[in-house]
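Engineer: Pasting a structure here, questions to come.
The values are calculated or read from the model by the stated rules, or taken from the named source; none is laboratory data. Quick caveat: nothing in here was measured; it's all calculated off a predicted structure. Using ideal geometry, Cβ is built from the backbone for each residue, glycine included, and neighbour counts are taken over all protein chains shown.
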Amino acid sequence: MIMADLRQTLMLSLLVSLGTVACNVPSLESPACSESKNAVREFYSYHFGNEMRFSTEGLKRREKYLSPELLASAASSKEGTDPFTTGNDDLPKAFRVGECREISPEKTEFSVLLFWRTDERTEQREIKVESIDKNDKWLINKVSR
């Protein structure tokens, strides 16, 4: 009986030790990619959760996520289009932030996948989203289709 309890205690200790080691797998992403990914996800979550078609009011609500350069560029968008995804009025239904490429410690580029799914259509497209670290805050700086 004592031997069985000892074996059980040793097994439990071993499993806890292995679980702790398995949970400490280092991240393969650069610090810039890890930090900026949160900003890209947060922006697109907000964008998809609200009216995506361009309007002056909508742009003002997104201002805190955007660099001054992208803000100025997006301001000239045609009403009813989406400057942050397709650039037109064909709005996707969902997104996923994918692979990151560090351009510099202050600049990253992400693949963002856009998805459409209806009874008539299932489609996926990729855009590139550049983010920059400006005054210790990651901002969306450019969207390329």
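Engineer: Can you list the helices (runs of 4 or more DSSP H) lying wholly within the stretch 31-77 that have 2 or more residues being at pLDDT 95 or above and either of a type in the set (Ser, Thr, Tyr) or under 11 Å from Trp138 (Cβ atoms) (or both)?
Structural biologist: Per the criteria, 31-49.
Engineer: Let me ask you something else. Against the condition of a type outside the set (Gly, Ala, Ser), modelled with pLDDT of 95 or more, surrounded by fewer than 16 Cβ atoms within 10 Å (Cβ to Cβ) and more than 12 Å from the chain's Cα centre (by Cα), how does Pro26 come out, does it pass?
Structural biologist: Judged against the criteria, Pro26 is not a match.
Engineer: Just for the stretch 72-130: of the residues that are surrounded by 13 or more Cβ atoms within 10 Å (Cβ to Cβ) and hydroxyl-bearing (Ser, Thr, Tyr), which one is nearest to Tyr46 (Cα to Cα)?
Structural biologist: Once the filter is applied, the top-ranked residue is Thr85.
Engineer: Pick from the stretch 85-111 the residues that are β-branched (Val, Ile, Thr) and under 16 Å from Glu29 (Cβ atoms): which of them is nearest to the chain's Cα centre (by Cα)?
Structural biologist: Going through the qualifying residues, I end up with Val97.
Engineer: Checking the conditions here, which among Glu130, Glu120 is without any contact (Cβ under 8 Å) to a residue 60 or more places away in the chain and in a strand (DSSP E or B)?
Structural biologist: Details: Glu120 fails: in a strand (DSSP E or B).
Going through Glu130, Glu120 in turn, the sole match is Glu130.
Engineer: Then there is this: Quick check on my filter: what residues within the stretch 102-114 are part of a strand (DSSP E or B), of a type in the set (D, E, K, R) and touching a residue at least 60 places away in the same chain (Cβ under 8 Å)? Outline the logic, then answer.
Structural biologist: Kept after step one, since they are part of a strand (DSSP E or B), are these residues of the stretch 102-114: 102-104, 107-114.
If we keep only those that are of a type in the set (D, E, K, R) too, we end up with 102, 107, 109.
Those that are part of a strand (DSSP E or B), of a type in the set (D, E, K, R) and touching a residue at least 60 places away in the same chain (Cβ under 8 Å): Glu102, Lys107.
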